[in-house]
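The values are calculated or read from the model by the stated rules, or taken from the named source; none is laboratory data. Please read these numbers as outputs of a predicted model, since none were measured by experiment. Here Cβ is always computed from backbone atoms with ideal geometry, including for glycine, and neighbour counts include all displayed protein chains.
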Amino acid sequence: MMPSLSEEQIINGCLKNDRIAQKALYDQYKTKMYTLAYRITNNFEDANDVLQEGFLQVFESLPSFNGESKLGTWVHTIMARAALRKIKNRISFDEIPETQQAVVIDWGAEIDAQRLETAISNLPDGYRSIFTLYEIEGFKHNEIATMLDISVNTSKTQLFKAKRMLIAKLKIKS
């Protein structure tokens, strides 16, 4: 059984190429990061590739980690970007006027989690990616726009369309 390491010990150990610290960092975040990668890529093999590429980038970039955010937040952003790079050529975006109103979905208790996960996974890549990043992972539109090299309005538009599509798929009230 490995001793529990603090975030500071993990970071310092990883910077010294300590395999125990590297494994601790990987073990601490692998499940959450795999889930993020899968939600964005919608493919098990791609999610595994993203996990591997993302952690390589985490270890390579760790010297530039400045502690302005929590380590988990920093790892999360690296993984999200790695997943988006993996599917970038599969995503296309279209604009709609900014005058569209926000869609608020009444999720209610009648939708089970499996049905919702299936509906989200069946969204087109662009819609699913932005829906996942915004609604599930908590990124802001300006962060998503930067990650995808799109406008904030395009991010908002794709979220709007994703929600509309989910409403239609799940036959729920908006």
Within segment 35-58, residues being surrounded by fewer than 15 Cβ atoms within 10 Å (Cβ to Cβ) and not polar (S, T, N, Q) number 3
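Filter segment 39-84 down to residues that are outside any helix (DSSP H, G or I) and small (Gly, Ala, Ser) and give me whichever is farthest from LEU133 (Cα to Cα). Steps first, answer last, please.
We begin by selecting, within segment 39-84, every residue outside any helix (DSSP H, G or I); these are 42-43, 65-70.
From the residues that got through so far, the ones that are small (Gly, Ala, Ser) too are 67, 69.
Details: GLY67: 22, SER69: 18 Å.
Checked segment 39-84; the qualifying residue farthest from LEU133 (Cα to Cα) is GLY67.
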Any chance segment 18-28 includes a residue that's at pLDDT below 95 and part of a loop (DSSP other than H, G, I, E, B)? no
Condition (residue is under 18 Å from MET147 (Cβ atoms) and of a type in the set (Lys, Arg)) applied to segment 66-85: is it met by at least one residue? yes
Of the residues in segment 29-56 that are in contact (Cβ under 8 Å) with a residue 40 or more places away in the chain and of a type outside the set (Lys, Arg), the one that is farthest from VAL75 (Cα to Cα) is ASN42
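Can you pull out every residue in segment 125-169 that is basic (Lys, Arg) and at pLDDT 90 or above?
ARG128, LYS140, LYS156, LYS161, LYS163, ARG164
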Checking LYS32 against (1) surrounded by 15 or more Cβ atoms within 10 Å (Cβ to Cβ); (2) in contact with a His (Cβ under 8 Å, 6 or more places away or on another chain), which test does it fail? (1)
